[in-house]
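Report on one structure; see the data block that follows.
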Amino acid sequence: MEFKTFAESVQEAVKSGLPEEYKDATIRLAENYKLNEHYTGLSVQRPDQIVSPTINLNAFHEQYENGRDFDEIVDQIMDTITAQPQLDVSLDNLLTYDKSKLFIRVSNLENNQEALENAPFTKVENLAITYHLVAAQGEEGIASTMVTYPLLETLGVTKEQLHQDAMENSPKLFPAKIASMEEVMKEMMSKDMLASGLNQEEVDVMLEEMIPMGQNPMTVISNDQSINGAAVMFYPNVFEQLGERLEGNFFILPSSVHECLAIPDNGEMSYQELKAMVVEINATQVAPADRLADEVYHYDTQDHVFERADRFEARMQEKEADKEKAAKMDRSDVGEKKSVLGRLSQKKEQVAAQPKNPAKEAAKQHKNDISI
């Protein structure tokens, strides 16, 4: 079944299959451009709802093409729609400027042209920092929306103010979580081991033997939710904190939109080796919707510069070339000064070696005698 036919068939099946409370709901197909995602969605919105669920039909069509039963797919879609958490979303939350609800996300600029076309963002290398507003928050989760230009106009603030407020508030809303790879691994394994019936003391002893500290140079950068945590690297002062923690310059590996890895630039690995690793992991282990970039970045703690690692290397080479040029000019100046002094000295010796004129000497002596 072609995708268009599949999507229209799902739409009709959902219309006729949803419970009575959805009889007045608007059920439509629409193209969705989200960060890292573009898909045809099925949205179901009741008259009393401001926020409505949107189902990714492209993903379900792929399952159908792989042999999954159509009716089973429709049943799952309807279960998803009816099980959506009821968050208290109001127009006031969406249309009233409240900087305490702002936060940032980071995504790949080149891969999100459509989503970013009508939204303010800040370009950092090939990444885009976007601004988001929490519309509702509760035990069921968080509902948020990306700030677009029309919404920005409604809120009545400038992009510069939006950026400043979002950068300031993000660490409050989603605090940074920076830990060594060993600490992260221990935390993950500890939960599973405790769930299996072991007590904390037993778990600590086992983990200490399994994961000795100080062996892995990587530091994990995320937020306390571990969701869209890669943006944490752009929080105020985070680069400086990482520089102190890693005792100098460091590389940043964008493992996903949810986290980044920092590794010391101590000469043990080149950025080319690290980039090959990032590309391979993205292609084999990271879902397309979670990929950030096939790049390696670098932070220079001396110049306080975040940039692509290849640009850092080029900048260092240019600096070295400038130093060599300056050194050559200094040596040239010294040589020129020595040459001038040498010529003066030689001239003086030549003058001293010339035969003296007796008449001039007598006149000179006579003049000196009168002066006395």
Discussion item. Let's test the formula: R0 of 22 Å, r as the Cβ-Cβ distance of Glu187 and Arg245. What FRET efficiency results, to the nearest 0.05?
Written reply: 0.80
Item to complete: Taking only protein heavy atoms into account and a 1.4 Å probe, give the accessible area per residue of region 5-135 in Å².
Response: 51
Discussion item. Between Lys34 and Glu12, what is the label-point separation in nm under the 7 Å Cα-to-beta-carbon projection?
Written reply: 2.8
Worksheet item: Amide H to amide H under 5 Å from Ala135: which residues, 5+ apart in sequence or cross-chain, H placed 1.01 Å off N in plane?
Response: Ala143, Ser144, Thr145
Discussion item. If you count only protein heavy atoms and use a 1.4 Å probe, how large is the accessible surface of Glu183, to the nearest 10 Å²?
Written reply: 80
Fill in: Potential extension, Glu153-Asn126 segment - 0.36 nm per residue separation minus Cα distance
7.1 nm
Worksheet, complete the sentence: Of the listed pairs Lys34/Lys159; Lys123/Lys319; Lys177/Lys275; Lys123/Lys186; Lys123/Lys172, those with alpha carbons more than 27 Å apart are Lys123/Lys186
Worksheet entry | Net lengthening on full extension, Ala327/Gln200 (0.36 nm per residue, minus Cα-Cα) | 39.5 nm
Worksheet item: Based on Cβ point charges of +1 for Lys and Arg and -1 for Asp and Glu, what charge dipole magnitude is obtained for region 234-326 about its Cα centre, in debye rounded to the nearest 20?
Response: 160
Response to the item:
Rounded to one decimal in nm, the spacing of the 7 Å Cα→Cβ label points at Thr26 and Ser100 is 3.2
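The values are calculated or read from the model by the stated rules, or taken from the named source; none is laboratory data. Values in this document were obtained by computation on a predicted structure and should not be read as measured data. Note: ideal-geometry Cβ built from the backbone for every residue, glycine included; neighbour counts use all protein chains shown. Each accessible area value is taken on the protein alone, full model and side chains, heavy atoms only, with ligands, DNA and RNA left out. Shrake-Rupley method; radii C 1.70, N 1.55, O 1.52, S 1.80 Å.
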